[in-house]
Amino acid sequence: MTSELIKQALTAAFKPALIEIIDNSAAHAGHAGSQSGGGHFHVTIVAQAFEGKSLVQRHQLVYKALGDMMKQQIHALGINALSPSEDTKGSL
Amino acid sequence: MNVIERIKDQIENNPVVLYMKGSPDFPQCGFSGQTVQILDACQAKYIHVNIFEDPELREALKAYSNWPTYPQLYIGGELIGGCDIVIDLYKKGELPKMLAAVNGTV
């Protein structure tokens, strides 16, 4: 399962306090992007590495950790990357 | 001009550049389409580059931006992000300010 691979890669890279992957691929089956086999995922991740980083920087860190997975297995990735101090709303 | 010089030329000489799949009138991916809608809602004045028409740039920009997916929005020569960051900035009311700061509105 791709979602399990995403979880492993991000857990190894960030030692997150919390990580959750949602596989939305079924909702996008059939459109042009999914024909090449790439899935749609959403990741929520809470880790110290995101403290003080801009949105762009946080996404770049996540993309870097996923490396080649972004080329094939993943067509689209929604990212909600928080630092532990921001995860105070209890929304997770 | 090589491909990196072309990218720099585009983002340095245009205040707002959207690298997307398809065109604003005919986006070929839902994420590119949503980004166009938000830019339109902000009355943004922007140029677009259809990455399907430029395979060399499509690959080079991923490395240049350190960003593996499209769309990619540049404002004032800086990568702002993809669709979900653009949505987030719009909801927070920051996107119109960022556009106005570079005279990127109609």
| query | Which of the residues spanning segment A:39-92 are open to solvent by 40 Å² or more (accessible area, probe 1.4 Å) and of a type in the set (D, E, K, R)? | reply | A:51, A:53, A:64, A:68, A:71, A:86, A:87, A:89
| said: Quick check on this structure: which one of B:40, B:54, B:88, B:25 is under 18 Å from residue A:60 (Cα atoms) and of a type outside the set (A, V, I, L, M, F, W, C)? | reply: B:88
| said: On the basis of being among the polar types (S, T, N, Q), out of contact with any Ser or Thr (no Cβ under 9 Å at 6 or more places or on another chain) and open to solvent by 70 Å² or more (accessible area, probe 1.4 Å), does residue B:43 make the cut? | reply: no
| Which is of a type in the set (Asp, Glu) and open to solvent by less than 70 Å² (accessible area, probe 1.4 Å), of B:25, B:9? | B:9
| said: Anything in segment B:35-73 that is more than 21 Å from residue A:78 (Cβ to Cβ), not charged (D, E, K, R) and not in a helix (DSSP H, G or I)? List them, or say none. | reply: B:42, B:43, B:44, B:46, B:47, B:48, B:49, B:50
| said: Of everything in segment B:86-104, what is touching a residue at least 12 places away in the same chain (Cβ under 8 Å) and assigned to a helix (DSSP H, G or I)? Give them in sequence order. | reply: B:86, B:87, B:90, B:95, B:96, B:98, B:99, B:101
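The values are calculated or read from the model by the stated rules, or taken from the named source; none is laboratory data. What you see is a predicted model, and the numbers here were worked out from it, not measured in a lab. We place every Cβ from the backbone using ideal geometry, glycine too, and count neighbours over all the protein chains shown. These accessible areas exclude ligands, DNA and RNA; they are computed on the full protein's heavy atoms, side chains included. Shrake-Rupley method; radii C 1.70, N 1.55, O 1.52, S 1.80 Å.
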